[in-house]
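Since the structure comes first, as structure tokens, the remarks are kept for the end.
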């Protein structure tokens, strides 16, 4: 063997070893990449929507991670409405039950548009269906200890008992009604000033109603005045006039003063609940916003301070010698008084400032404000547009409150609270139906359950629409054999509207003749679920009804709501915490 060979062989052997090592490394890298790719593919497959067998759905949505979200977001961008997207899915598939994929990696939402089956679920199938996690998505970050998102259990029942007295007839008629009446008169006074300055021209009132409704529920909750409407009225009363267009149909932009700090804080926290409404990751998105966005952090501090001061003040009042029932001026007073009495009986220290009490009070304020203000704005639009309804309602009110009509003054709060006015009730019910403040009722299947012949897996949310076929249009035919047993046993619930006028604003549909031939209000005359139904129906229904009764009476009594131009009269909606109108303009002529 030559010297060259002896020198070259070790080099070649080393090279071959490096080749073998490089080949092994490449194989390992390739295997790892393949494993990662396979893992990603499996994760991707696991996150794809998993349709429920037999229920119609959009097949293209089932093949993408975001499911129906892109189409829904496009719909929201074009219309500002979320719930009508769900209605379009019912109409697209021409079936009363469909499924959509709105939570990446989550269960489908089942959408149901049938009054009879919805009523059955809400009222009689409460063991199979309970409060949906959808409400937790909306409220748990801002109201962790509020009953609105709790399942129906002992904790929820305890919270209901904690707030029960706020819906008692005594509290509503003696305390709440007085506060609502006073706040309503402030709105009337402010609108008189606006009507004077506008000089026959329309002006936007959505913000007025929004602020005024907060004044109302603030007074009921805390027994004090936030002063938003009063301060605005005083400011406008000092203006001798403003510059207006020669076009009497051009809207007037009336000046507004800055809102009080407490008002802004409450509104900011309430508006934050729209974040989870429109996010594919609702709880995380909302929690992060409340924790890190400066405006939400600041609002939370203001609200916490407000609750602390209010609770401490009420506690001092009801632990002083001589405090009595007459001292109760608000829901906060009522709750603290009850706790002081219960603690005294149990010989324990009162726990008047707890997370439960704070979150229930704040939830009472949020719910009472948002829903009432939205319903009222729809009502003002319908009453303005339907001149015949407005004139008939005013005539009915003038006949009912003859003393006030002759004296040209407002009816008293006592007269209003005790009045039984079927046509007024019918108008308000039709406002609920056509406005659709709450566009759906949501429940979750607590066990595998069957709806219209389809198996709904445990943990699936069911959205029962109040704005689709069966409510505002012809119901979709359903094979009776597919209905639940309890639904078949309660066939009397199979009420429906004439499809030729189901979408019309027609209060008379709620009036029926009694045995004496008198027209009376019948809330079961047809399909409508503005407050839900069953044990999880709206807790504040009585308060909301009282507010609407007082506000509608005083507004129609005080003003002629004259027609507004078409450009300012759209009935398009916006979906946030509630379904509200995009426009709300009035042209007011004072009557007193």
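The values are calculated or read from the model by the stated rules, or taken from the named source; none is laboratory data. Just so you know, these numbers come straight off a predicted model, no measurement behind them. Don't worry about glycine lacking a Cβ; one is built from the backbone with ideal geometry, like all the others, and counts go over all protein chains shown.
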Search result, residues across region 199-222 that are part of a loop (DSSP other than H, G, I, E, B) and out of contact with any helix residue (DSSP H, G or I) (no Cβ under 6 Å at 6 or more places or on another chain): 199, 200, 201, 205
Meets criteria (surrounded by fewer than 22 Cβ atoms within 10 Å (Cβ to Cβ), within 19 Å of residue 159 (Cβ to Cβ) and touching a residue at least 40 places away in the same chain (Cβ under 8 Å)) for residue 356: yes
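Scan 261, 271 and give me the residue that is at pLDDT below 90 and under 27 Å from residue 298 (Cβ atoms). Step through it out loud before you land on a result.
Numbers: 261 fails: at pLDDT below 90.
None of the others qualify; the one that does is 271.
So for region 298-316 (the condition being on the phi < 0 side of the Ramachandran plot and modelled with pLDDT under 85), does at least one residue qualify? Before you say what the answer is, go through the steps one by one.
Here is the first cut: in region 298-316, the ones on the phi < 0 side of the Ramachandran plot are 298-316.
Checking the rest, the ones that are also modelled with pLDDT under 85 come to none.
The answer is no, given that none of the residues of region 298-316 is on the phi < 0 side of the Ramachandran plot and modelled with pLDDT under 85.
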Count of region 476-508 residues which are more than 15 Å from residue 529 (Cα to Cα), more than 25 Å from the chain's Cα centre (by Cα) and assigned to a loop (DSSP other than H, G, I, E, B): 11
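Which of the residues belonging to region 264-276 are part of a helix (DSSP H, G or I) and either touching a helix residue (DSSP H, G or I) at 6+ places or on another chain (Cβ under 6 Å) or buried (at least 16 other Cβ atoms within 10 Å of the Cβ) (or both)? Please lay out each step first, then the result.
Taking region 264-276 first, the residues part of a helix (DSSP H, G or I) are 264-272, 274-276.
Those that are part of a helix (DSSP H, G or I) and either touching a helix residue (DSSP H, G or I) at 6+ places or on another chain (Cβ under 6 Å) or buried (at least 16 other Cβ atoms within 10 Å of the Cβ) (or both): 264, 265, 266, 267, 268, 269, 270, 272, 275, 276.
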Any hit, region 492-512, residues being in contact with a strand residue (DSSP E or B) (Cβ under 9 Å, 6 or more places away or on another chain), closer than 23 Å to residue 220 by Cβ and touching a residue at least 12 places away in the same chain (Cβ under 8 Å): no
Failed criterion for residue 191 (all others in (1) at pLDDT 95 or above; (2) part of a helix (DSSP H, G or I); (3) out of contact with any helix residue (DSSP H, G or I) (no Cβ under 9 Å at 6 or more places or on another chain) hold): (3)
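Taking the stated definitions as given, is residue 453 in contact with a helix residue (DSSP H, G or I) (Cβ under 7 Å, 6 or more places away or on another chain), surrounded by fewer than 17 Cβ atoms within 10 Å (Cβ to Cβ), more than 29 Å from residue 396 (Cα to Cα) and touching a residue at least 60 places away in the same chain (Cβ under 8 Å)? Spell out how you get there, then give the answer.
Working: in contact with a helix residue (DSSP H, G or I) (Cβ under 7 Å, 6 or more places away or on another chain): yes; surrounded by fewer than 17 Cβ atoms within 10 Å (Cβ to Cβ): yes; more than 29 Å from residue 396 (Cα to Cα): yes; touching a residue at least 60 places away in the same chain (Cβ under 8 Å): yes.
Answer is yes for this residue.
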Spans of strands (runs of 3 or more DSSP E) in region 544-583 with at least 3 residues within 17 Å of residue 437 (Cβ to Cβ): 573-575, 579-581
From the options 447, 360, residue that is under 28 Å from the mean Cα position of the chain (by Cα) and outside any helix (DSSP H, G or I): 447
Residues of region 136-152 classified as surrounded by fewer than 19 Cβ atoms within 10 Å (Cβ to Cβ) and touching a strand residue (DSSP E or B) at 6+ places or on another chain (Cβ under 9 Å), total: 2
First in region 540-568 and farther than 29 Å from residue 360 by Cβ, second anywhere and surrounded by fewer than 20 Cβ atoms within 10 Å (Cβ to Cβ) and at pLDDT below 95, Cβ under 7 Å, 6 or more apart: 558/592
Residue pairs meeting the criteria (Cβ under 7 Å; at least 6 apart or on separate chains; first in contact (Cβ under 8 Å) with a residue 24 or more places away in the chain and on the phi > 0 side of the Ramachandran plot, in region 66-82; second part of a helix (DSSP H, G or I) and surrounded by 18 or more Cβ atoms within 10 Å (Cβ to Cβ)): 67/61
Residue within region 487-501 that is surrounded by 14 or more Cβ atoms within 10 Å (Cβ to Cβ) and closer than 30 Å to residue 106 by Cβ present: yes
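Per-residue answers, yes or no, for (1) modelled with pLDDT under 95; (2) surrounded by fewer than 21 Cβ atoms within 10 Å (Cβ to Cβ):
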position	(1), (2)
102	yes, no
109	no, no
112	no, no
130	no, yes
178	yes, yes
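Give region 277-291 a look and list any residue that's touching a helix residue (DSSP H, G or I) at 6+ places or on another chain (Cβ under 6 Å) and not in a loop (DSSP other than H, G, I, E, B), or say none.
Answer for region 277-291, where residues must be touching a helix residue (DSSP H, G or I) at 6+ places or on another chain (Cβ under 6 Å) and not in a loop (DSSP other than H, G, I, E, B): 282, 283, 285, 286, 289, 290.
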Residue within region 89-96 that is closer than 30 Å to residue 289 by Cα, out of contact with any helix residue (DSSP H, G or I) (no Cβ under 7 Å at 6 or more places or on another chain), modelled with pLDDT of 90 or more and surrounded by fewer than 21 Cβ atoms within 10 Å (Cβ to Cβ) present: no
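Quick check on my filter: what residues within region 537-560 are in contact with a strand residue (DSSP E or B) (Cβ under 6 Å, 6 or more places away or on another chain) and buried (at least 17 other Cβ atoms within 10 Å of the Cβ)?
If we filter region 537-560 for residues that are in contact with a strand residue (DSSP E or B) (Cβ under 6 Å, 6 or more places away or on another chain), which is where we start, we get 559-560.
Matches in region 537-560: 559 only.
Kindly establish whether residue 426 is under 30 Å from the mean Cα position of the chain (by Cα) and either assigned to a helix (DSSP H, G or I) or surrounded by fewer than 18 Cβ atoms within 10 Å (Cβ to Cβ) (or both).
yes
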Test: residue in region 311-331 that is closer than 20 Å to residue 162 by Cα, touching a residue at least 12 places away in the same chain (Cβ under 8 Å) and under 26 Å from the mean Cα position of the chain (by Cα): yes
Test: residue in region 368-391 that is farther than 30 Å from residue 264 by Cβ, in contact with a helix residue (DSSP H, G or I) (Cβ under 7 Å, 6 or more places away or on another chain) and free of Cβ contacts under 8 Å to residues at least 60 places away in the same chain: no
